[in-house]
Amino acid sequence: MSNPFDLSQTDKLLTTTRSVRKRLDLERPVPRDVVLECLDIALQAPSGGNSQPWRWLIVDDPDTRKRLAALYQRSHDPYMAANREAAEAAGRTEVMAKIMDSSQYLSDHMGEVPVMVIPCHWGRVDVSGASNMAIAGLYGSILPAAWSLMLALRSRGLGSAWTTLHLVFEKEAREILGVPDTVTQTAMIPIAYYKGEDFKPAPRQPVEKVVYFNAWKQRRST
């Protein structure tokens with residue numbers, strides 16, 4: 001049986017979809033129809049019991065974007081200060097510099113991105129005694145669709161990034177957006193067309209270093 005996909009293309013999509021920050025084109029509009037098309041694809045992702053517990057907030061109103069960006073920046077600045085201190089203490093300043101610079105750029109310009117998408121999930125698990133199964137079930141029913149959205153965007157020339165720092169101020173974001181307190185905001189995904197040439201696979205640990213067989217830390221026998 002022949003392979004139903006061109007693996008050179010699907011593998012390229014999967015290995016080069018990056019978190020895009022500094023290469024987002026902040027001046028080029030993103031049509032709603034493009035985002036809706038990508039979300040229509042994303043909704044094919046699996047969810048627990050096929051419950052499809054998601055709602056997707058597309059934010060393209062300039063004032064609302066700026067208000068959400070302000071929450072993100074309030075959370076980002078102390079977060080990055082702590083990370084810089086940790087990197088200096090661990091002697092990883094040079095390694096982390098590029099990541100922190102990219103993160104700072106996105107924070108500084110978050111309010112300028114053409115579109116934000118906030119994936120939401122009916123229900124909450126941030127209560128005392130919530131089981132690991134409940135937490136895994138909630139996020140496991142939204143993350144596959146969110147990643148599918150990011151892949152669909154990438155295949156159409158748009159960049160995105162999974163961010164969660166605004167959730168430090170989730171209540172304030174809820175008030176801005178009118179989200180019920182029975183709904184969980186899971187992320188804020190800035191979206192824009194990206195600038196420059198194509199992306200490349202990123203450095204990663206060898207698969208042999210991070211995979212075990214049948215028991216923790218049990219390597220494949222040779």
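Pairs linking a residue in the range 120-132 that is within 26 Å of A42 (Cβ to Cβ) to a residue that is open to solvent by 80 Å² or more (accessible area, probe 1.4 Å), with Cβ atoms under 7 Å and 6 or more positions apart or on different chains, are C120/R55.
Listed here are the residues, each with its yes/no results for (1) in contact with a helix residue (DSSP H, G or I) (Cβ under 6 Å, 6 or more places away or on another chain); (2) farther than 30 Å from A97 by Cβ; (3) touching a residue at least 12 places away in the same chain (Cβ under 8 Å).
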residue	(1), (2), (3)
S8	no, yes, no
K12	no, no, no
E27	no, no, no
E37	no, yes, yes
S47	no, yes, yes
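Given the structure, is A82 surrounded by fewer than 18 Cβ atoms within 10 Å (Cβ to Cβ) and assigned to a helix (DSSP H, G or I)? Criteria met by A82.
To keep it simple, each residue is scored yes or no on (1) crowded, with 17+ Cβ neighbours inside 10 Å; (2) more than 19 Å from L149 (Cβ to Cβ).
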site: F169; (1), (2): yes, yes
site: P180; (1), (2): no, yes
site: Q185; (1), (2): yes, no
site: M188; (1), (2): yes, no
site: D198; (1), (2): no, yes
site: K209; (1), (2): no, yes
site: R219; (1), (2): no, yes
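Considering only residues in the range 8-63 that are assigned to a loop (DSSP other than H, G, I, E, B) and polar (S, T, N, Q), the one that is surrounded by the fewest Cβ atoms within 10 Å (Cβ to Cβ) turns out to be Q44. Within the range 89-112, does at least one residue satisfy the condition of being in a loop (DSSP other than H, G, I, E, B), surrounded by 12 or more Cβ atoms within 10 Å (Cβ to Cβ) and of a type outside the set (K, R)? Scanning the range 89-112, I find no residue that is in a loop (DSSP other than H, G, I, E, B), surrounded by 12 or more Cβ atoms within 10 Å (Cβ to Cβ) and of a type outside the set (K, R), so the answer is no. The set of residues from the range 118-129 being in contact with a Phe, Trp or Tyr (Cβ under 9 Å, 6 or more places away or on another chain) and part of a loop (DSSP other than H, G, I, E, B) comprises just one member, V125. With respect to the conditions (1) of a type in the set (S, T, Y); (2) under 28 Å from G178 (Cα atoms); (3) within 17 Å of the chain's Cα centre (by Cα), S47 falls short on a single one, namely (3). If the condition is being among the charged types (D, E, K, R) and under 19 Å from A192 (Cα atoms), then the range 6-35 contributes R18, R21, K22, R23, D25, E27, R28, R32, D33.
Open to solvent by 20 Å² or more (accessible area, probe 1.4 Å), modelled with pLDDT of 95 or more and touching a helix residue (DSSP H, G or I) at 6+ places or on another chain (Cβ under 6 Å): is that true of V125 in this structure?
Working: open to solvent by 20 Å² or more (accessible area, probe 1.4 Å): yes; modelled with pLDDT of 95 or more: no; touching a helix residue (DSSP H, G or I) at 6+ places or on another chain (Cβ under 6 Å): yes.
No; evaluated as a whole, the condition is false for this residue.
Which residue, of S75, S103, is in contact with a Leu (Cβ under 8 Å, 6 or more places away or on another chain), on the phi < 0 side of the Ramachandran plot and of a type in the set (S, T, N, Q)?
Values: S103 fails: in contact with a Leu (Cβ under 8 Å, 6 or more places away or on another chain).
Answer to the selection: S75.
The lone criterion from (1) at pLDDT 95 or above; (2) among the basic types (K, R); (3) under 26 Å from K200 (Cβ atoms) left unmet by R92 is number (1).
Quick check: is even one residue across the range 65-76 in a loop (DSSP other than H, G, I, E, B) and at pLDDT 95 or above?
Quick first cut of the range 65-76, residues in a loop (DSSP other than H, G, I, E, B) only: none.
No, the conditions are met nowhere in the range 65-76.
The values are calculated or read from the model by the stated rules, or taken from the named source; none is laboratory data. Just so we're clear, the structure is a prediction, and the values are computed from it rather than from any experiment. Quick reminder, even Gly has a Cβ in these numbers, built from the backbone with ideal geometry, and neighbours come from all protein chains shown. Accessible surface is based on the protein model in full, side chains and every heavy atom, while ligands, DNA and RNA are left aside. Shrake-Rupley method; radii C 1.70, N 1.55, O 1.52, S 1.80 Å.
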